[in-house]
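The values are calculated or read from the model by the stated rules, or taken from the named source; none is laboratory data. What you are looking at is a predicted structure, and each value in this text was computed from that prediction instead of being measured. All Cβ positions, even for glycine, are placed from backbone atoms using ideal geometry, and neighbour counts span all protein chains on display. In case anyone asks, the SASA skips ligands and DNA or RNA and just uses the protein heavy atoms, side chains included. Shrake-Rupley method; radii C 1.70, N 1.55, O 1.52, S 1.80 Å.
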Amino acid sequence: MAKTITQKILFKNSKPETLYNMFLNGKHHSTITGGEAKIFAREGGTFSVYDGYAVGKNLQLIKDKLIVQSWFAADWSERDLDSTLILFLEEKGNDAVINMVHANIPDAHVEGIKKGWTDFYWKPWKKYLSGKKNITV
């Protein structure tokens, strides 16, 4: 049975529009995460991140507020269905919060995907935003 991951991530002294652009601009996405990303802020557009590890489609985009995507990872079985990623961005004073829901993840991959979000996205993003441009994971 597929599982769902939910996370709430606080980014101090950041704006939702900054996070939105970091995620949907391929050049920024690649620089910050360290893996090649082919992604654009275009609803209906396909994407590839982390050197092709995950591929999918932008299902719904609300500029600076919401990203909804389908995701499928290279190590998942052909029988697995696409997962759905929802990133809801909100401003909290001087900070920004990402409310993430990643649904329909195959059981065997839940822990790896959960750890991957932290290790390959949230930690490098926080380093980048704090001015430490040399990102290694």
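Structural remarks
- Gyration tensor verdict on region 1-47 (Cα atoms; rounded if a/c is under 1.5, prolate if a/b is larger than b/c, oblate otherwise): oblate
- Ala2 versus Phe72: modelled label distance in nm, points set 7 Å from Cα along the beta carbon direction: 1.2
- Loop-located trypsin sites (Lys or Arg not before Pro) in region 66-134 (DSSP state not H, G, I, E or B) with no more than 15 neighbouring Cβ atoms inside 10 Å: Arg79, Lys132, Lys133.
- Restricting attention to region 18-137, lysine pairs at least eight places apart or on different chains and with alpha-carbon atoms under 13 angstrom apart total 7.
- Fraction of accessible area attributable to carbon and sulfur, the chain (%, probe 1.4 Å): 53
- The dipole here belongs to region 10-78: it is taken about the Cα centre, uses +1 on the Cβ of Lys and Arg and -1 on the Cβ of Asp and Glu, and is about 360 debye.
- Cα gyration tensor, region 15-122 - rounded (a/c under 1.5), prolate or oblate: prolate
- Accessible area in square angstrom per residue, region 1-118, 1.4 angstrom probe: 53
- Cα-projected label distance for Asn94 with Asn25, points at 7 Å along beta-carbon direction, nm: 2.3
- His109 sits with roughly 40 Å² accessible to a 1.4 Å probe, with DNA, RNA and ligands left out of the calculation.
- Inter-label distance for Lys126 and Val101, nm, one decimal - labels placed 7 Å from Cα along Cα-to-Cβ: 2.5
- Selected from Met22, Gly44, Thr84, residue furthest toward positive end of dipole (region 1-90; charges at beta carbon): Met22
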